[in-house]
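Peer 1: Before anything else, here's the structure in question.
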There are 2 protein chains.
Amino acid sequence: MSTTGITAPAGFRSSALAAGIKPSGKPDMALVINDGPQYVAAGVFTQNKVCASPVKLTRRHIADGQLSAVLYNSGNANACNGQQGDADALELVTSLAAQLDLSPEDIGACSTGLIGDLLPLECMRPALSELVEGLGDHGEESAAAILTTDLVSKQVIVQSDGWCLGGMGKGVGMMAPSLATMLVCLTTDAVITAEMAQKALSAASQSTFNTLDIDGATSTNDTVLLLSSGASGVEPTQDELDAAVLEACSSLMKQMQSDAEGVTKRVSITVRGTGSHEQALAAARTIGRDNLVKCAMFGSDPNWGRVLAAVGMAPAEMDPEHISVDFNGQAVCRDSMGTPEARQVDLSGADIAVEVDLGTGGPGEATVYTTDLSHSYVEINSAYSS
Amino acid sequence: MSTTGITAPAGFRSSALAAGIKPSGKPDMALVINDGPQYVAAGVFTQNKVCASPVKLTRRHIADGQLSAVLYNSGNANACNGQQGDADALELVTSLAAQLDLSPEDIGACSTGLIGDLLPLECMRPALSELVEGLGDHGEESAAAILTTDLVSKQVIVQSDGWCLGGMGKGVGMMAPSLATMLVCLTTDAVITAEMAQKALSAASQSTFNTLDIDGATSTNDTVLLLSSGASGVEPTQDELDAAVLEACSSLMKQMQSDAEGVTKRVSITVRGTGSHEQALAAARTIGRDNLVKCAMFGSDPNWGRVLAAVGMAPAEMDPEHISVDFNGQAVCRDSMGTPEARQVDLSGADIAVEVDLGTGGPGEATVYTTDLSHSYVEINSAYSS
């Protein structure tokens with residue numbers, strides 16, 4: 001069995017190449033094929049009302065719970081290109097279907113890159129046959145071909161009892177990713193139904209990708225897919241599937257957090273002591289999106305006052321006079337006041353854990369994963385399209 | 001008549017000094033006195049659930065629609081200091097009241113600076129008598145004494161028919177300021193009631209300070225006050241008062257925008273073509289808070305795709321296929337697609353106007369004022385408390 005990500009499970013092949021979409025000449029197209037015997041597929045997509053042509057196409061094609069192949073490209077998001085964008089995505093998929101002896105409805109598409117430029121079909125059309133000819137054990141190369149501003153490729157393998165789950169991902173968030181759209185492809189050789197796949201993927205996305213919030217922005221292209229070939233012949237239970245999908249998503253999410261644009265700190269924000277999980281999540285997100293908190297983290301500055309100022313605006317039940325904050329396990333705020341040692345806490349390491357208790361005694365608890373706001377973030381994002 | 005801000009209207013004196021709160025030795029305390037014959041006062045305060053001790057005190061003392069004096073300090077927010085913070089604010093106001101032959105309830109207090117350190121009363125107590133002794137035409141000095149990371153002081157005078165309105169301000173936002181709390185003091189010698197003052201101030205704040213959103217963060221200390229001495233003997237109509245207060249607030253808001261932390265671009269974001277003013281405001285705020293949009297502005301990059309990606313997540317009615325965007329009056333996006341000249345638009349100037357039509361034909365329209373996200377913003381805010 002292969003040791004790479006998406007081609008580790010039996011029944012999957014992939015290929016990748018540099019078609020010339022990226023001016024850098026780096027790999028920018030990938031193809032993932034499910035050779036069956038099952039072609040089960042489930043997906044989770046961006047919640048953005050402005051969504052890319054490939055998202056619209058894949059939502060349609062996955063509606064029957066089946067996909068046999070997914071075409072990936074980086075360097076161009078094919079978003080905000082109107083009907084031409086829709087037509088271009090469909091043309092590529094239709095051409096690919098003919099070469100693979102499939103129906104276009106059997107194929108999904110995922111794009112990531114600059115918004116608003118038409119796909120360079122002149123270089124993408126001839127690349128299709130090369131992708132088909134190159135199909136094999138190339139999970140590694142495919143994971144590299146979907147990257148944009150990512151510095152490292154992200155892959156995962158979860159071995160289970162007689163079946164396995166592989167995956168690749170790129171980007172830095174789900175409902176709140178950077179311009180670096182989050183794309184994830186998970187593959188498994190387990191024998192499962194589309195309903196099982198969707199249930200496992202939706203649940204895992206909620207507690208992993210949806211808690212990763214790098215800059216509060218949500219891409220037009222986010223797409224997380226789970227494909228199953230059933231080639232292992234093993235039928236896991238829903239719980240076993242859920243556990244494997246959660247483990248894979250959690251790993252990819254942590255890899256994305258570590259590689260987020262301009263990151264110098266990995267920050268986890270846990271909120272407790274409020275009315276509900278939803279309130280805790282909203283409060284953690286409010287803190288994680290606060291630029292002043294994020295700048296303080298960049299400066300290794302234990303400025304707990306900014307945490308209180310941020311959370312005070314969150315839609316969550318709290319006792320404003322009895323909020324507690326810990327940084328890396330050390331008490332910096334009790335009863336909404338600083339502790340004597342608060343300014344001396346050492347935040348110079350790469351990982352910072354922020355724990356906030358909103359003081360109501362309520363059962364709500366949630367954790368959000370974010371990063372600091374660094375010079376590099378500004379640098380990367382002020383010079384992207386030009 | 002004086003030409004400075006808050007002491008321009010008849011019936012007002014002020015003073016300022018360096019008490020030693022700021023390590024830099026710059027001015028950090030100011031006193032504003034209303035000599036009457038009226039002592040009308042109205043206020044607008046932060047909506048943050050975590051609010052500073054002086055905010056709680058001033059809310060109580062202004063409840064009867066009257067204030068005779070306001071004590072300002074910079075360099076320390078007296079926020080998140082618990083009951084000791086409340087007691088410290090009250091002690092200063094009580095001591096000041098005795099020296100001015102007033103009741104403590106006649107005096108308001110406003111603080112701005114670092115959250116979570118107790119006020120250095122040892123240097124502030126002796127400063128009170130000096131402030132009282134120094135009272136005179138010192139609006140200029142007072143405006144300087146309330147600054148924190150502001151680079152320039154902000155003042156305004158609006159001359160009306162037989163009466164005038166003066167003001168000073170600091171900070172960079174209202175419901176969404178930076179750590180640089182927004183403090184504003186407006187003074188007028190018009191003969192008005194507390195109800196008139198509150199009505200004018202609330203309306204003007206909504207359309208000025210509340211549309212200034214530098215970084216989405218909301219301070220614990222925001223306080224906007226309007227004091228009236230009635231010393232001119234002239235009774236304006238509500239409309240006349242509204243107009244003068246709006247003009248003053250608008251001027252101070254623009255001054256704050258220009259001086260926002262790390263600003264290199266002044267960005268206005270107007271949204272039209274959605275269901276209501278509230279939806280348009282929410283959509284404009286979503287765009288204005290988007291770090292990717294703000295980084296693009298810093299880079300003078302006409303990356304309209306980020307505007308669409310941002311607005312697609314806004315809680316506003318839109319037609320995702322028919323959104324228009326203009327930068328500085330030039331069409332960069334029509335029907336949610338880029339125009340041929342989109343990437344050539346010149347955004348190198350200091351002012352950038354973003355206009356978005358959400359394509360529903362609805363009547364909603366609103367404008368939000370923000371800035372770019374620059375290296376300086378990160379620099380200023382990663383090294384604040386340390």
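Read the figures in this text as sums done on the coordinates, not as results from a lab. What you see is a predicted model, and the numbers here were worked out from it, not measured in a lab. All Cβ positions, glycine included, derive from the backbone under ideal geometry; neighbour counts span all protein chains shown.
Peer 1: Using a 7 Å offset from the Cα along the Cα-to-Cβ direction at both B:Glu195 and A:Ser103, what is the distance between the two label points in nm, to one decimal?
Peer 2: In this crude spin-label approximation the distance works out to 7.2 nm.
Peer 1: Tell me, what HN-Hα J-couplings in whole Hz come from the Karplus equation 6.51 cos²θ - 1.76 cosθ + 1.60 at θ = phi - 60° for each residue of the stretch B:274-282, using x for Gly and Pro?
Peer 2: Residue by residue, the stretch B:274-282 yields 10, x, 8, 4, 5, 5, 5, 5, 4 Hz.
Peer 1: Further question: Largest first, please: the extent of the C-alpha atoms of the stretch B:82-137 along each principal axis, to the nearest Å.
Peer 2: Dimensions of the stretch B:82-137 along the principal axes of its Cα atoms: 32, 21, 19 Å.
Peer 1: Right, next: Percent of Cα-Cα pairs more than 12 Å apart in the stretch A:108-147, please.
Peer 2: Numbers: 559 of 780 pairs.
So the pairs more than 12 Å apart make up 72 percent of the total in the stretch A:108-147.
Peer 1: Right, here's the next one. Under the rule that an exposed site lies in a DSSP loop and has at most 15 other Cβ atoms within 10 Å, name the longest stretch of chain A with no GluC sites (Glu not before Pro) of that kind, not counting the sites themselves.
Peer 2: Working: sites that count: A:Glu321, A:Glu341.
Of all site-free stretches, the longest is A:1-320.
Peer 1: Whole Å is fine, so just give me how far the alpha carbon centre of the stretch B:54-72 lies from that of the stretch A:2-61.
Peer 2: 62 Å
Peer 1: With 19 Å as the cut-off, how large is the P(r) tail for the stretch A:156-263, expressed as percent of Cα-Cα pairs? Intermediate values should be presented prior to the final figure.
Peer 2: On the way: 2229 of 5778 pairs.
Here the tail beyond 19 Å accounts for 39 percent of pairs.
Peer 1: So if I restrict to the alpha-carbon atoms in chain A, what is the Rg, and what is Dmax, the biggest pairwise distance, in Å?
Peer 2: In order Rg, Dmax, the Cα atoms of chain A give 21.6, 71 Å.
Peer 1: Given the -39500 (n - 2.57) contribution per DSSP H run of 4+ residues, what per-residue ellipticity at 222 nm results for chain B, rounded to the nearest 500 deg cm²/dmol?
Peer 2: Values: 10 runs with 119 residues, N = 386.
Computed ellipticity for chain B at 222 nm equals -9500 deg cm²/dmol.
Peer 1: Would you kindly derive the ³J(HN,Hα) couplings of the stretch A:72-79 from the backbone phi angles with the Karplus curve 6.51 cos²θ - 1.76 cosθ + 1.60 (θ = phi - 60°), listing them in order in whole Hz, with x for Gly and Pro?
Peer 2: 10, 9, 10, x, 7, 7, 6, 10
Peer 1: Now for a separate question. Would you mind checking which residues have amide H under 5 Å from A:Gln66's amide H? H placed 1.01 Å from N; only 5 or more apart, or other chain.
Peer 2: Excluding prolines and chain starts, which carry no amide H, the hits are A:Ala41.
Peer 1: Ok, one more. Could you work out how far apart the two model spin labels at B:Ala18 and A:Leu121 are, taking each label as a point 7 Å from the Cα in the direction of the beta carbon, and quote it in nm?
Peer 2: 7.0 nm
Peer 1: At q = 0.10, 0.11, 0.12, 0.17 Å⁻¹, what log₁₀ I(q)/I(0) does a Debye calculation on the Cα points of the stretch B:21-174 give, no solvent, two decimals?
Peer 2: -0.34, -0.41, -0.49, -1.05
Peer 1: While we're here: Taking 0.36 nm per residue of separation and subtracting the Cα-Cα distance, what length does fully extending A:Glu278 through A:Lys56 add?
Peer 2: Working: separation 222, 0.36 × 222 = 79.92 nm, distance 2.86 nm.
Computed gain between A:Glu278 and A:Lys56 is 77.1 nm.
Peer 1: Continuing with this model, one more query. Taking the inverse of the average 1/r across all pairs of different Cα atoms in the stretch A:52-118, what Kirkwood radius in Å do you get?
Peer 2: Working: mean 1/r = 0.0857 Å⁻¹.
One decimal place: 11.7 Å for the Kirkwood radius.
Peer 1: Next up: Which whole-number percent gives the relative contact order of chain A, counting Cα pairs below 8 Å spaced six or more residues apart? Please report the intermediate quantities before stating the final value.
Peer 2: Working: 1061 pairs, mean separation 67.1, N = 386.
RCO, chain A: 17 percent.
Peer 1: Run the simple label-point estimate for B:Glu130 and A:Ala350 please: 7 Å along Cα→C-beta, distance reported in nm.
Peer 2: It works out to 5.0 nm between the two label points.
Peer 1: Follow-up. Can you tell me the FRET efficiency between B:Thr94 and A:Gln159 if r is taken as the Cβ-Cβ distance and R0 is 60 Å, rounded to the nearest 0.05?
Peer 2: Taking R0 as 60 Å, the efficiency between B:Thr94 and A:Gln159 is 0.25.
Peer 1: Would you please give the FRET efficiency between A:Ser376 and B:Lys254, computed as 1/(1 + (r/R0)^6) with r the Cβ-Cβ distance and R0 = 41 Å, to the nearest 0.05?
Peer 2: On the way: r = 32 Å, r/R0 = 0.77.
It comes out at approximately 0.80.
Peer 1: Moving on. Using only Cα atoms, what is the ratio of the radius of gyration of the stretch B:266-382 to 2.2 N^0.38 Å? Mind showing how you got there, number by number?
Peer 2: Working: Rg = 13.5 Å, N = 117, 2.2 N^0.38 = 13.4 Å.
Normalised Cα radius of gyration, the stretch B:266-382: 1.00.
Peer 1: Take the Cα atoms of the stretch B:221-267, build their convex hull, and give its volume per residue in Å³. Each step should come with its number before you reach the end.
Peer 2: On the way: hull volume 4.9 nm³, N = 47.
Hull volume normalised by residue count: 103 Å³.
Peer 1: Just the number, please: Stokes-Einstein D of the protein assembly as shown in µm²/s, Kirkwood Rh from C-alpha pairs, 10 °C, 1.306 mPa s.
Peer 2: 58 µm²/s
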